[in-house]
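Let me begin by presenting the structure, written as structure tokens, before commenting on it.
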Amino acid sequence: MKVQPPEAVTPFIRYHPSGGERFATLDETIAQYDAHPGALIQVLHMAQQLFGYLSADVLRYVSGSLRVPLAQVYGVVTFYHLFTTIPRGKHQIMVCTGTTCHVRGSKQILEKLEQQLGVKEGETTKDNRLSLGTARCIGACALAPAVAVGDDVYGKLTAEKVPHLCKNEWKKYV
């Protein structure tokens, strides 16, 4: 009796959960790089820009589209600080924790922000508008301690200035 081998299962199945507009835009980016596996970081960056974070569905889709093992995609996502697998708020508040900022009080600024926003580091406000995080350096050492909100940098801060920032300066973000 001849035994039939099981059907070959390809590990690179293209998974497209919604077929939505954001996936179409992601497809354009993938095509721009000719679906080359070396474009993984660029494609992940675009995916995060489009979706706000990298869900399991998006990671599977990128894996299949670029023919890169899912474990490798996940490894890149978890290695680089700029990628996130959890939803973030519309605006990111990043407290610099680099040496200069740390020495000048970034820990106290972070604690005051947590108190003012009602979230801990790594969390998002209930209205999904603001996420609070830290960065090893935001490149504003001359302004230490500093906090970045998107492309805006607020420097020479103190914990005492945080309530004013939250109530006045940052109204444009809420």
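Just so it is clear, none of the values below were taken in a lab; they were calculated from the coordinates. Note that this is a predicted model, so its numbers are computed, not measured. Cβ: placed from backbone, ideal geometry, glycine included. Neighbour counts: every protein chain shown.
Structural remarks
- Peptides ranked, highest mean first, by Cβ atoms within 10 Å: ranges 100-106, 74-80: 100-106, 74-80
- Cα gyration tensor shape of the range 21-79, rounded if a/c is under 1.5, else prolate or oblate by comparing a/b with b/c: oblate
- Cα-centre dipole for the chain with unit charges at Cβ (Lys and Arg positive, Asp and Glu negative), debye to 20: 400
- Placed amide H near Ser55: partners under 5 Å, 5+ positions off or other chain: none
- On Cα atoms only, tilt of 70-79 relative to the major axis of the chain in degrees: 10
- Considering only alpha-carbon pairs that sit under 8 angstrom and 6 or more positions apart, the relative contact order computed for the range 26-135 is 22 percent.
- Packing, as the average of other Cβ atoms within 10 Å across residues, places the peptides 56-64, 82-90 in the order 56-64, 82-90, highest first.
- Under-5 Å amide H pairs with Ala135, H placed in peptide plane, nonlocal only: Val95, Cys96, Thr97
- Taking all pairs of distinct alpha-carbon atoms in the range 58-154, Kirkwood radius in angstrom: 14.7
- In Hz, Karplus ³J(HN,Hα) per residue of the range 110-123 (6.51, -1.76, 1.60; θ = phi - 60°; x = Gly, Pro): 4, 4, 5, 5, 4, 5, 5, 8, x, 9, 9, 3, x, 9
- Mean projected area of the Cα convex hull of the chain, taken over all directions, amounts to 13.8 nm².
- Remark: the range 87-99, residue by residue, has Karplus-estimated 3J(HN,Hα) of x, 10, x, 4, 10, 9, 9, 10, 8, 6, 10, x, 3 Hz, where x stands for each Gly or Pro and the curve is 6.51 cos²θ - 1.76 cosθ + 1.60 at θ = phi - 60°.
- For the chain, calculated [θ]222 nm from helices alone, where every DSSP H run of n ≥ 4 adds -39500 (n - 2.57): -11500 deg cm²/dmol
- Free-standing Cys, the chain [no other Cys Cβ under 4.7 Å]: Cys137, Cys141, Cys166
- Label-point separation, Glu28 to Lys167 (7 Å along Cα→Cβ), nm: 4.4
- Rounded to the nearest 20, the Cβ-based charge dipole of the range 21-79 about its Cα centre (Lys and Arg +1, Asp and Glu -1) stands at 180 debye.
- Checking the Cα-Cα distances for Lys90/Lys156; Lys126/Lys156; Lys126/Lys171 against a 22 Å cut-off, the pairs over it are Lys90/Lys156; Lys126/Lys156.
- In plain terms, the bigger the Kirkwood radius, the slower the diffusion; for the range 128-174, with that radius from Cα pairs, at 10 °C and 1.306 mPa s, Stokes-Einstein puts D at 138 µm²/s.
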